[in-house]
Amino acid sequence: MTKILTTTIVGLLITSMILGGSMGAWADDSTKTPIKHVVIIFQENVSYDHYFGTYPNAPGFTAKPNTPSSNNFVSHPDLLTHNPNLFNPFLLPTALTCDMNHEYKAEQEAFDGGLADKFVQFTTSTGSGCNPDGSSVMGYYDGNTVTGLWNLAQNFAMSDNSFSTTFGPSTPGAINLVSGQTFGATEDAVGGGADISDTDPTYDDCSSTSFPTLAMSGKNIGDLLNDKGITWGWFQGGFAPSMPWDGVAGHKAVCNTKTARTQTDNALVTAYSPHHESFQYYNSTANPHHLPPASLAEIGHNGQANHQYDLSLFWAAVKNGNLPQVTYLKAPKAQDGHPGYSDPLDEQLFIANVTNTLENSPYWSNTAEFILYDDSDGWYDHVVPPIINHSNDPLNDAAICEGKKAGLGGADDRCGYGMRQPLMVVSPYAKSDFISHHVSDQTSVLKFIEENWHTGSIPDTLGQKSFDDRAYNLEDMFDFGNHGSTPKVCLNATGQVVPPISGSCPTVNS
């Protein structure tokens, strides 16, 4: 008997060593809340007014009778008819649009020191598909286009007071999501300041070879989760290389897989974007050659993939019963909502697919799904962000950020909060038909994870604090006393609520 027990324990220890963890750490999955699994859907380039400007009012959309009011055009109708910008907001006639200017300084300038009246001058675009008069930036959608998100808002919780952590485009948003710290950025061995632009990660074979790349120092949430033995992973569309790395021949991995915009024009779009992959900027959490895990059992644990996976492995992990405790999802570009190559109709197909899949899984009873965005794309939003960290860089900062002390260590080019964006919580523990007015930002999800799994905060980088030092933990969007009783809501491919079939949501093919 002793020999059998000893053999069993040795076998378990060997398995643990292969998967890169300790049995003690794996066994300790205690959490602050009933939430044992977090799934973050991190989408692209949307301001709050752009998607929820008239929520919950739209022709043909029937809102619940007691839907709370939101800080949008409905509560400020003068913004629709007497807007301080050069044009009034208007309902976009098509799902496909052009891409706006969403650079760090341009977004600051659009707020014109707090007047929010210079979006046409600074963040609009007049490129292909845009209105030549510059009015495109004032466009918005309603519940007839972003149907799925409006229906999720009706049945779960969302915020109308959540912001990008700093001004600027995708890369700062991606980095802030996982560390709250854009300081410590090194561009091809030059720099050490804060990142404010879209630059591909140094630790990625699929990054551009035509431009400098960016590496981040300091730690991210992946490092903290590893220290605690918490399983986690980032899953992204197109991460599996179209041509694998060949270390013998010296060939880098190539990522040229394309997927279609099936809900609009069936155009093929390259699936993978290196500068959207948060963890590839850090040497400690990168998978430079896009190696797959050695097995499905390795997903979420230390191994050759280093927690970075193709999106296909998310569906496999759910099906095979090994979903990591913390999961980040990045849609293929055709479905990530980014104007210019994606659209809201293809985006909601992805969100419906993920949500229905989780609701059908054994994980649903203790899962929190967060939906948020990397930046605003520069789309008009009428709410002037609270600036909790200022910057005095005359080259890169405008009046809204200048003239005051930086609050997180003094480094320039980390001005924030930036523009307002949607943030939603979908969970059996989420409040239903609830709108939070508490100030939050991208690092609020980081804060929730840190507190839920007791990881501690992101350590300072060269004396500069992470924005998680000031982040709100989103607790008002949950009701942990309801015993997980918020009903599941099934969506179809067009975002409509549909009844479950034999207790399960229908499959939504993406």
*asked:* Can you go through Phe122, Phe111 and tell me which one is under 30 Å from Asp393 (Cβ atoms) and touching an Asp or Glu at 6+ places or on another chain (Cβ under 7 Å)?
replied: Phe122
*Taking region 175-201 as the search range and keeping residues that are within 21 Å of the chain's Cα centre (by Cα) and of a type in the set (Val, Ile, Thr), which one is surrounded by the most Cβ atoms within 10 Å (Cβ to Cβ)?*
Thr182
*Under 7 Å between Cβ atoms, at least 6 apart or on separate chains: pull out the pairs that start in region 454-479 with a residue that is within 27 Å of Ser432 (Cα to Cα) and end on any residue that is of a type in the set (Phe, Trp, Tyr) and assigned to a loop (DSSP other than H, G, I, E, B).*
Phe478/Tyr429; Asp479/Tyr429
*Does region 347-354 contain any residue that is within 24 Å of Leu446 (Cβ to Cβ), out of contact with any Ser or Thr (no Cβ under 9 Å at 6 or more places or on another chain), modelled with pLDDT of 95 or more and not β-branched (Val, Ile, Thr)?*
yes
*Members of region 388-424 that are among the hydroxyl-bearing types (Ser, Thr, Tyr) and under 19 Å from the mean Cα position of the chain (by Cα)*: Tyr417
*Within region 23-45, considering residues that are touching a His at 6+ places or on another chain (Cβ under 9 Å) and modelled with pLDDT of 95 or more, the one nearest to Thr486 (Cα to Cα)*: Pro34
*Residues that are over 18 Å from Ser179 (Cα atoms), touching a strand residue (DSSP E or B) at 6+ places or on another chain (Cβ under 8 Å) and among the β-branched types (Val, Ile, Thr), drawn from region 399-451*: Val425, Val426, Ile435, Val439
*Just one of Trp232, Trp245 is at pLDDT 95 or above, within 28 Å of Val38 (Cα to Cα) and hydrophobic (A, V, I, L, M, F, W, C); which is it?*
Trp232
*Taking into account only those residues within region 320-341 that are over 19 Å from Thr257 (Cβ atoms) and among the polar types (S, T, N, Q), which is surrounded by the most Cβ atoms within 10 Å (Cβ to Cβ)?*
Thr327
_Being touching a helix residue (DSSP H, G or I) at 6+ places or on another chain (Cβ under 6 Å), polar (S, T, N, Q) and outside any helix (DSSP H, G or I) is the filter here; which residues of region 314-350 pass it?_
Ser342
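Residues checked against (1) modelled with pLDDT under 95; (2) among the polar types (S, T, N, Q); (3) surrounded by 23 or more Cβ atoms within 10 Å (Cβ to Cβ):
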{"position": "Gly218", "(1), (2), (3)": "no, no, no"}
{"position": "Gly238", "(1), (2), (3)": "no, no, yes"}
{"position": "Lys252", "(1), (2), (3)": "no, no, no"}
{"position": "Thr259", "(1), (2), (3)": "no, yes, no"}
_When the residues of region 451-475 are narrowed to those that are among the β-branched types (Val, Ile, Thr) and in a loop (DSSP other than H, G, I, E, B), which ends up nearest to Ser365 (Cα to Cα)?_
Thr455
_Please verify whether Ser159 is in contact (Cβ under 8 Å) with a residue 60 or more places away in the chain, closer than 16 Å to Ser47 by Cα, in contact with a Leu (Cβ under 6 Å, 6 or more places away or on another chain) and not acidic (Asp, Glu), treating the condition exactly as stated._
yes
*In region 397-444, which residues are polar (S, T, N, Q) and surrounded by fewer than 18 Cβ atoms within 10 Å (Cβ to Cβ)?*
Ser432
*asked:* Could you check region 268-313 and list, in sequence order, the residues that are in a helix (DSSP H, G or I) and within 20 Å of the chain's Cα centre (by Cα)?
replied: Pro274, His275, His276, Ser278, Phe279, Gln280, Tyr281, Thr285, Ser312, Leu313
*Kindly indicate which of Gln121, Gln108 is surrounded by fewer than 16 Cβ atoms within 10 Å (Cβ to Cβ), assigned to a helix (DSSP H, G or I) and not acidic (Asp, Glu).*
Gln121
_Residue count, region 487-505 (criterion: more than 19 Å from Asp433 (Cα to Cα), of a type outside the set (A, V, I, L, M) and not in a loop (DSSP other than H, G, I, E, B))_ = 1
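Okay, residues lined up against (1) closer than 14 Å to His102 by Cα; (2) part of a loop (DSSP other than H, G, I, E, B):
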| site | (1), (2) |
| --- | --- |
| Met158 | no, no |
| Ala174 | no, no |
| Leu177 | no, no |
| Gly193 | no, no |
| Ser197 | yes, yes |
| Asp204 | no, yes |
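The values are calculated or read from the model by the stated rules, or taken from the named source; none is laboratory data. Quick caveat: nothing in here was measured; it's all calculated off a predicted structure. Don't worry about glycine lacking a Cβ; one is built from the backbone with ideal geometry, like all the others, and counts go over all protein chains shown.
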